[in-house]
Structure formats: structure tokens, C-alpha cells
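Taking it in order: structure first as C-alpha cells, then the write-up.
The values are calculated or read from the model by the stated rules, or taken from the named source; none is laboratory data. Predicted model, so just to flag it, every value in this text is computed and none were measured. Neighbour counts run over all protein chains shown; Cβ positions are idealised from the backbone, glycine included. Surface accessibility is based on the protein's heavy atoms, side chains included, excluding ligands, DNA and RNA. Shrake-Rupley method; radii C 1.70, N 1.55, O 1.52, S 1.80 Å.
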Amino acid sequence: MKFESTDRQIRSFVLRKGKMTTGQRKAVEALMPIYAFDPTTTIDFKALFGNDHPVWLDIGFGNGESIIHAAQQYPDVNFLGIEVHLPGVGHLLMAIEQFGLNNVRIIRNDAVDMLNLYMADQTLAAIHIYFPDPWHKKRHHKRRLLNQEFLDLIQPKLVTGGRLHYASDWEPYALEVQELVAENAWLQNQEPNNAFAARPAWRPVTKFERRGQNLDHGSYDLILHKR
Ligand SMILES: C[S@@+](CC[C@H](N)C(=O)[O-])C[C@H]1O[C@@H](n2cnc3c(N)ncnc32)[C@H](O)[C@@H]1O
């Protein structure tokens, strides 16, 4: 993985070493060349998936639980997952093989760079950001993925009517995003009064959400559509 040559200094992740299981390592070796790719030019989704089904992008998919769940539930949707953490990529690759998920592709890189450099306008039907790193400490808030700069970046990439779905268990971050989206008239909250939404069918409870639940955190979903 090479980080692209944008001049960004602040990233929303710190690359952890993370242990790989044997299965994950084998999956990375054998399946990365088939299901993962490293873009060098604007992504042609039709060529990538071999059809023109809508594309749902999952940013920071962790070990891929949400994609594994939704890709089976929605076979007529194409899923692009972007994640930097290699064991998580390995986990998703194993599931792709195990469940025969032909509608999933992976990029192992910084999603912000990938959006900036390689995604054409009006190509994404949905962007899912589930339990992004909360960056609890005030001095780290600048690392939070969801901010105005990020919304400006994704606005053109979403198709009209396309969805932004954010979920978090960290209330202060969720409240910050709730306020931020209200300031962006191009985003329409599907709930009245800019309220949080109930967890929809396409989002399973993931490891990170369960961890939050064990700490008595709530879950906060915001589901918004591009006007
Ligand atoms: C707390 S985990 C949540 C994982 C998963 N979405 C879930 O709900 O279980 C956040 C993940 O986002 C990834 N991440 C953070 N910033 C990223 C970026 N800019 N590009 C790609 N992945 C990123 C991290 O590596 C981490 O695995």
C-alpha cells in the first residue's frame, strides 16, 4: 500500500500492526490480486464489477461485517470497501470466497485519498461510514473523518438521491455530525427534525457496536440523502 501523494498531513487513522491469522494471511496472498486493487486512474465501476448496478461504498469497513451482511442481502448492489487495516482486509477476503460474494471489491488505502484522486462525480449510490474512529481526545478531533471538508469531498461523488449513512456509538461525535449535516442544505435527513434513525436492515450489529454496547454506549445512525 502506498499513500498517495496528496499533501494531506492529518489522517483519520494510525496504521496498527495487528496480528494476522493464518487464514487471513493466506487470503491476502491468494485473493488480494482477484478482489482487491490499487487504482492508478479514475475507477470505471462498470468495468470493475462487470455490470452497472449501484455502488455502495463502505469506508473503514473494519473486518467487513457490514459488507458481508449487506452483499448477501443485496446481490444487485455492488460493494466497494476501503480499509487500511490488513487483517480486516484478510477477513473480508475470506468471507468473499466463503460466501461467493461476486459483488464485492476492496481497496486497501486511505479512503479520503481514493475519493479525491480516483472517484468520478455522480458514481456512488451510497456511502456508509460505520463506527469511524471516535478520536476521543480534543487534540485529536481534527482526525475525525466526518467534517466539512469530507462532506465537500463526497457531495459530487454521490448520485442525486444518493445516501450518506453514518453510525457511531460515541455520542459527542454523533451530535457533532448531526449538527454538521444540518448546516449542509444539500443533505436531507430521512427522519423529521434531523433526528437519529433506527438501525436499517442493511447494517448488522458489528464488533465495534457490541463493544460500545458493553460500555453502555448507545448507537446513533444518521441517514441522509443528497438533494
Ligand atoms: C472503529 S473501526 C470500525 C469498523 C467497522 N466500520 C465496523 O463498524 O465494525 C474504524 C475503521 O476505519 C478504518 N479507517 C479509518 N480511517 C480510514 C481511512 N481514511 N481510510 C480507510 N480506512 C480508514 C480504521 O482502520 C478502522 O478499521
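In region 14-39, which residues are touching a helix residue (DSSP H, G or I) at 6+ places or on another chain (Cβ under 6 Å) and either modelled with pLDDT under 95 or open to solvent by 40 Å² or more (accessible area, probe 1.4 Å) (or both)? Scanning region 14-39 gives 18, 20.
Per-residue answers, yes or no, for (1) outside any helix (DSSP H, G or I); (2) open to solvent by 40 Å² or more (accessible area, probe 1.4 Å):
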site	(1), (2)
113	no, no
126	yes, no
133	yes, yes
136	yes, yes
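Identify the residue in region 212-227 that is touching a residue at least 40 places away in the same chain (Cβ under 8 Å) and assigned to a helix (DSSP H, G or I) and, among all such residues, is surrounded by the fewest Cβ atoms within 10 Å (Cβ to Cβ). Among them, the one singled out is 213. Remark: pairs (first residue in region 197-208, within 17 Å of residue 164 (Cβ to Cβ); second residue among the small types (Gly, Ala, Ser) and assigned to a loop (DSSP other than H, G, I, E, B); Cβ separation under 9 Å; 6+ apart in sequence or on different chains) = 199/219.
Is region 182-201 home to any residue that is away from the ligand (no atom under 13 Å from the Cβ) and within 24 Å of residue 37 (Cα to Cα)?
Checking region 182-201: not a single residue is away from the ligand (no atom under 13 Å from the Cβ) and within 24 Å of residue 37 (Cα to Cα).
State yes or no: is residue 142 surrounded by fewer than 20 Cβ atoms within 10 Å (Cβ to Cβ) and over 19 Å from residue 39 (Cβ atoms)? So residue 142 passes the test.
Only one of the listed residues (23, 50) is touching a residue at least 60 places away in the same chain (Cβ under 8 Å) and more than 11 Å from the ligand (Cβ to nearest atom). That residue is 23. Using the structure shown, decide if residue 175 is of a type in the set (A, V, I, L, M, F, W, C), more than 23 Å from residue 119 (Cα to Cα) and open to solvent by 80 Å² or more (accessible area, probe 1.4 Å). Here the answer is no, as residue 175 does not meet what is asked. In the set 80, 101, which member is touching a Lys or Arg at 6+ places or on another chain (Cβ under 8 Å), away from the ligand (no atom under 11 Å from the Cβ), open to solvent by less than 10 Å² (accessible area, probe 1.4 Å) and not in a helix (DSSP H, G or I)? Within the list 80, 101, the selection yields 80. Residue 153: assigned to a loop (DSSP other than H, G, I, E, B) and within 12 Å of the ligand (Cβ to nearest atom), yes or no? The answer is no for residue 153. Residues of region 54-77 that are within 13 Å of the ligand (Cβ to nearest atom) and not in a strand (DSSP E or B): 60, 61, 62, 63, 64, 65, 66, 67, 68, 69, 70.
Taking the criterion of being assigned to a helix (DSSP H, G or I) and open to solvent by less than 30 Å² (accessible area, probe 1.4 Å), the residues of region 83-98 that qualify are 87, 88, 89, 90, 92, 93, 95, 96. Restricting attention to region 138-150, report how many residues are part of a helix (DSSP H, G or I), near the ligand (Cβ under 10 Å from one of its atoms) and in contact with a Phe, Trp or Tyr (Cβ under 9 Å, 6 or more places away or on another chain). Total satisfying the criteria: 1. Just so you know, in region 178-196 the residues that are outside any loop (DSSP other than H, G, I, E, B) and touching a residue at least 40 places away in the same chain (Cβ under 8 Å) include one that is farthest from residue 116 (Cα to Cα), and it is 178.
Condition first: part of a loop (DSSP other than H, G, I, E, B) and open to solvent by 50 Å² or more (accessible area, probe 1.4 Å). Can you find one or more residues in region 157-167 that meet it? Among the residues of region 157-167, not one is part of a loop (DSSP other than H, G, I, E, B) and open to solvent by 50 Å² or more (accessible area, probe 1.4 Å), which makes the answer no.
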